[in-house]
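Asker: Before I ask anything, let me first share the structure, which is written out below as structure tokens.
The values are calculated or read from the model by the stated rules, or taken from the named source; none is laboratory data. In this text, all values refer to a predicted model and were calculated from it rather than measured experimentally. Cβ coordinates were reconstructed from backbone atoms using ideal geometry, including for glycine residues, and neighbour counts include every protein chain displayed.
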């Protein structure tokens with residue numbers, strides 16, 4: 001197995017500049033030049049998932065989030081497909097990734113190309129990229145047996161046993177006599193043996209590359225997944241000394257420090273399901289949420305300062321500021337990230353919550369309406385949430401007929417959605433009383 005070479009700092013800077021410019025172009029509707037810049041980003045920094053995710057979103061938006069006709073997409077890209085096959089046969093895996101992205105610009109829903117790129121990513125020792133590419137393929141073909149088998153194996157290799165088991169179950173349902181799927185589903189997985197094997201392989205890679213941050217990250221994450229936080233911390237501290245305080249390791253160490261608080265919060269929430277009125281548990285959960293929010297705010301500020309062109313980090317900063325009640329700062333962040341097409345809708349929703357917290361219901365209503373208009377149909381859950389908030393806004397402003405209309409639509413589409421059924425009854429009653437009077 002070969003490895004993708006780590007890009008130089010200069011190449012990273014160049015990719016970051018392209019990424020920032022691409023975001024500006026796409027936000028103004030200039031998808032074609034923005035997509036070409038994102039293709040350059042992926043070529044300059046092949047392992048960077050953020051660039052590929054942005055490219056895929058932009059390509060889908062270019063097609064109006066509707067897949068093109070397959071025969072037409074094939075016709076436009078047949079030369080590139082021929083070049084990709086040649087690169088595969090020659091073992092030129094970076095070329096496979098580059099050509100694959102160029103093909104996917106013509107059809108971002110091509111599952112076969114995603115799978116071929118995933119195989120190249122595995123050959124380059126880029127497991128996170130391989131998993132993401134396979135997940136993209138599954139969005140198109142969720143019941144493809146060999147695809148589910150491939151992704152299940154990848155999940156197992158990185159310790160995601162629950163996700164792997166779900167895919168093995170799908171394979172078993174499609175092929176009841178499949179021996180591998182039957183063994184995985186019916187027999188308990190010897191997780192410790194798998195983890196030990198992964199740790200040994202990671203230690204060997206670290207010994208071979210003692211100055212590479214990626215080697216320390218891989219080993220630390222395996223320890224973290226196994227719940228061995230002290231050993232993960234030791235590895236990261238050793239890595240910081242050996243790599244000259246590599247930024248990736250600093251981020252991972254910050255994430256590691258958050259893990260115990262998240263586990264404690266999950267435990268508190270489980271107990272609250274059994275004792276929902278326990279004031280002591282409620283206070284503990286509240287304190288833990290506050291502590292997690294504070295630490296996550298520090299983490300995302302660190303990332304936003306390091307990568308100013310990646311506006312998603314500023315959006316995350318804004319969310320934590322909003323939760324902390326720092327409304328002015330939060331809303332400044334959301335206004336700044338609205339220029340990013342992928343963040344425009346979420347930023348509008350967050351701004352609406354900010355205006356509501358400031359007791360500006362008309363402004364909140366306006367931003368919820370704008371958010372609903374720009375959120376694409378496939379973001380179904382987000383649209384339902386915005387409809388719910390819109391209904392509440394109309395009710396708060398005394399516009400009960402409009403609130404009833406939105407609530408009725410919500411109940412029709414999603415009968416179990418939060419407490420909307422009870423609110424609908426209340427609003428109908430109030431509307432009837434108002435009409436009678």
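Asker: Which one is farthest from residue 124 (Cα to Cα) among residues in the range 63-100 that are in contact (Cβ under 8 Å) with a residue 40 or more places away in the chain and touching a helix residue (DSSP H, G or I) at 6+ places or on another chain (Cβ under 6 Å)?
Answerer: That would be 98.
Asker: Which of the following residues is within 28 Å of residue 9 (Cα to Cα), modelled with pLDDT of 90 or more and crowded, with 22+ Cβ neighbours inside 10 Å: 38, 84?
Answerer: Details: 84 fails: within 28 Å of residue 9 (Cα to Cα).
When all the criteria are applied, what remains is 38.
Asker: Could you grab me the full set of residues in the range 325-373 that are in a loop (DSSP other than H, G, I, E, B), out of contact with any helix residue (DSSP H, G or I) (no Cβ under 8 Å at 6 or more places or on another chain) and more than 26 Å from residue 310 (Cβ to Cβ)?
Answerer: To start, the set of residues in the range 325-373 that are in a loop (DSSP other than H, G, I, E, B) comprises 325-326, 338-343, 358-360.
Adding the requirement that they be out of contact with any helix residue (DSSP H, G or I) (no Cβ under 8 Å at 6 or more places or on another chain) leaves 326, 359-360.
Across the range 325-373, the qualifying residues are 359, 360.
Asker: Quick one: residue 259 ticks every box in (1) outside the structural domain of residue 289 (by TED's automatic domain parsing); (2) part of a helix (DSSP H, G or I) bar one, so which box is it?
Answerer: Failed condition: (1).
Asker: Now a separate question. Please enumerate the residues belonging to the range 19-52 that are without any contact (Cβ under 8 Å) to a residue 40 or more places away in the chain and under 20 Å from residue 95 (Cα atoms).
Answerer: Initially, the range 19-52 is screened for residues without any contact (Cβ under 8 Å) to a residue 40 or more places away in the chain, giving 21-22, 25, 28-34, 36-38, 40-41, 44-45, 48, 51.
36, 37, 38, 40, 41, 44, 45, 48, 51 - these are the residues of the range 19-52 that are without any contact (Cβ under 8 Å) to a residue 40 or more places away in the chain and under 20 Å from residue 95 (Cα atoms).
Residue-by-condition table, conditions (1) out of contact with any helix residue (DSSP H, G or I) (no Cβ under 8 Å at 6 or more places or on another chain); (2) within 27 Å of residue 322 (Cβ to Cβ); (3) in the same structural domain as residue 319 (by TED's automatic domain parsing); (4) at pLDDT 90 or above:
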position: 399; (1), (2), (3), (4): yes, yes, no, yes
position: 412; (1), (2), (3), (4): yes, no, no, no
position: 422; (1), (2), (3), (4): yes, yes, no, no
position: 433; (1), (2), (3), (4): yes, no, no, no
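Asker: Within the range 376-419, count every residue that is surrounded by fewer than 13 Cβ atoms within 10 Å (Cβ to Cβ) and under 32 Å from the mean Cα position of the chain (by Cα).
Answerer: 10
Asker: Please enumerate the residues belonging to the range 152-200 that are modelled with pLDDT of 80 or more, part of a loop (DSSP other than H, G, I, E, B) and loosely packed, with under 14 Cβ neighbours inside 10 Å.
Answerer: Once the filter is applied, which keeps residues that are modelled with pLDDT of 80 or more, part of a loop (DSSP other than H, G, I, E, B) and loosely packed, with under 14 Cβ neighbours inside 10 Å, the range 152-200 yields 176, 177.
Asker: Mind listing whichever residues of the range 261-291 are surrounded by fewer than 16 Cβ atoms within 10 Å (Cβ to Cβ), farther than 19 Å from residue 320 by Cα and touching a helix residue (DSSP H, G or I) at 6+ places or on another chain (Cβ under 8 Å)?
Answerer: 269, 271, 272, 275, 278, 282, listed by residue number.
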